[in-house]
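Read through the structure below, which is laid out as structure tokens, and then see the notes.
The values are calculated or read from the model by the stated rules, or taken from the named source; none is laboratory data. Here the structure is a predicted model, which is why all the values come from computation and not from measurement. Methodologically, a virtual Cβ is constructed for each residue, glycine included, from the backbone with ideal geometry; neighbour enumeration extends over all protein chains shown. Surface areas here come from the heavy atoms of the whole protein model, side chains and all, with no ligands, DNA or RNA. Shrake-Rupley method; radii C 1.70, N 1.55, O 1.52, S 1.80 Å.
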Amino acid sequence: MSASPVASSSAPARLPSFTIGPVTVAPGLALAPMSGVTDSPFRRLVKLASGDAVGLVVSEFISIELLTQRQLRTAIRMSFAEVERPVSVQLYGADVGRMVEAARMVEAAGADLLDINAGCPAPKIVRRGGGAGLLRDLPLLGRILEAVAGAVRIPVTVKIRNGWAEDSLNALESLRIAEESGAQAIAVHGRTRMQLYNGVADWDVVAEMKRHARIPVIGSGDILTAADALDRFGRTGCDGVMIGRGAIINPWIFRQIADEVAGREPFAPTWGDTVAVLRAYHEMLDAQYPPKVAPGRMKMMLSRLLKGFSYDPDLRATCLRMAQPTAMLDHVEATCRALGVLDVRRSVGAAAARDGEAAAA
Ligand SMILES: Cc1cc2nc3c(=O)[nH]c(=O)nc-3n(C[C@H](O)[C@H](O)[C@H](O)COP(=O)(O)O)c2cc1C
């Protein structure tokens, strides 16, 4: 579970930071939006694990249709705790009027930033023109950004892919439209919509956008270690990087990146740290959702975090067969104690992260 050594000689001596209007993102390390994953409990889990090294968190994408219909589950999905700030709420959809109405709701909920999703590849979303569908209609993307930027005071940002398909790459054109339409930062996942999550992310496009951009450019895709992050900063000169799947496997990754840059030994969580973070996550899930939600979410995290548990290769499978999160956690803790590997090497973060008062949605 420890971080890999830093390989790149062009890695920055300090982590970059940047501002989006009045919002400071320091360091320039963001938790990427992930539908079904980056709800408030998960974002606070990452803050518990990585502390101040997380410069920005982004919500999972939120439907403008469901939000403006006042669907309770969607409002809960938009909720966040004070400890998460700065926090960005991401919206998806293709209707300008509804987007404006939803944007006003995001602002009223107190979010620091509003992000427009122009990258989701899901067929049911692109079919209706939303997500990556907007990359096939950049004038519409421009109209959405302009209308929203004119309707709210919080900064508006956009997250794109590098194009719809290999023969229609248009990241620079998207950047130009975004800037002209009032977006104050842009994130890019260097895959096309047609690629989905296959192949590898193209970071040359991030470098190219950075060369042309007047607004901060945040790169996304395939950062799994501190070395990966520092290599991407060095190669592209981007203002920030976003980490998605790498933070599910290793929520300490932001802290490890900051440690590497500061010349400290990268934080290597003990199994005691892992159990502590998982227990806090369970508490946060139970506080936010009906009891039926926690088992599935806990299994998702346990299956990722116990992958490297070489002392007892059956532990993961045994936990995944259990129905109750408390039973899973007690079993992991008892196994670690019996093996003598339960020590908590360092505090896993402020209790405030767990107890943060949820802001109204
Ligand atoms: C499960 C999952 C859900 C995602 N949901 C969203 C989303 O709601 N909004 C968005 O802009 N990107 C979403 N993404 C894309 C990520 O934000 C990110 O750009 C992509 O996964 C590449 O980064 P990574 O390799 O660090 O995961 C999602 C990715 C995954 C794996």
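Side notes on the structure shown:
- A Cβ distance below 6 Å, combined with a sequence gap of six or more or placement on separate chains, defines the contacts here; from segment 29-44, residues that are free of Cβ contacts under 8 Å to residues at least 60 places away in the same chain and not assigned by TED's automatic domain parsing to the domain that holds residue 160 reach no residue that is more than 6 Å from the ligand (Cβ to nearest atom) and small (Gly, Ala, Ser).
- Candidates are the residues of segment 83-108 that are free of Cβ contacts under 8 Å to residues at least 40 places away in the same chain and within 16 Å of the ligand (Cβ to nearest atom); the one that is most open to solvent (accessible area, probe 1.4 Å) is 92.
This table checks each residue for (1) surrounded by fewer than 24 Cβ atoms within 10 Å (Cβ to Cβ); (2) within 13 Å of the ligand (Cβ to nearest atom); (3) within 19 Å of the chain's Cα centre (by Cα).
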position: 154; (1), (2), (3): yes, no, no
position: 158; (1), (2), (3): no, yes, yes
position: 164; (1), (2), (3): yes, no, no
position: 167; (1), (2), (3): yes, no, no
position: 180; (1), (2), (3): yes, no, no
position: 185; (1), (2), (3): no, no, yes
position: 188; (1), (2), (3): no, yes, yes
position: 200; (1), (2), (3): yes, yes, yes
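- Of the criteria (1) assigned to a helix (DSSP H, G or I); (2) β-branched (Val, Ile, Thr); (3) surrounded by fewer than 17 Cβ atoms within 10 Å (Cβ to Cβ), which one residue 205 fails: (3)
- Only a single item in (1) touching a residue at least 60 places away in the same chain (Cβ under 8 Å); (2) surrounded by 17 or more Cβ atoms within 10 Å (Cβ to Cβ); (3) in a helix (DSSP H, G or I) is not met by residue 300, and it is number (2).
- Among residues of segment 231-250 being under 11 Å from residue 219 (Cα atoms) and β-branched (Val, Ile, Thr), the one that is nearest to the ligand (Cβ to nearest atom) is 243.
- Inclusion of residue 223 among residues that are open to solvent by 40 Å² or more (accessible area, probe 1.4 Å), assigned by TED's automatic domain parsing to the domain that holds residue 32 and β-branched (Val, Ile, Thr) is not warranted.
- Members of segment 31-78 that are more than 14 Å from the ligand (Cβ to nearest atom) and at pLDDT below 95: 70, 71, 72, 73, 75, 76
- Checked against the criteria, residue 125 does not count as within 15 Å of the chain's Cα centre (by Cα), hydrophobic (A, V, I, L, M, F, W, C) and open to solvent by less than 30 Å² (accessible area, probe 1.4 Å).
- Check on residue 26, more than 14 Å from the ligand (Cβ to nearest atom), over 20 Å from residue 109 (Cβ atoms) and among the hydrophobic types (A, V, I, L, M, F, W, C): yes
- The single residue among 223, 218 that is in contact with a Lys or Arg (Cβ under 7 Å, 6 or more places away or on another chain), within 17 Å of residue 34 (Cα to Cα) and either among the hydroxyl-bearing types (Ser, Thr, Tyr) or within 14 Å of the ligand (Cβ to nearest atom) (or both) turns out to be 223.
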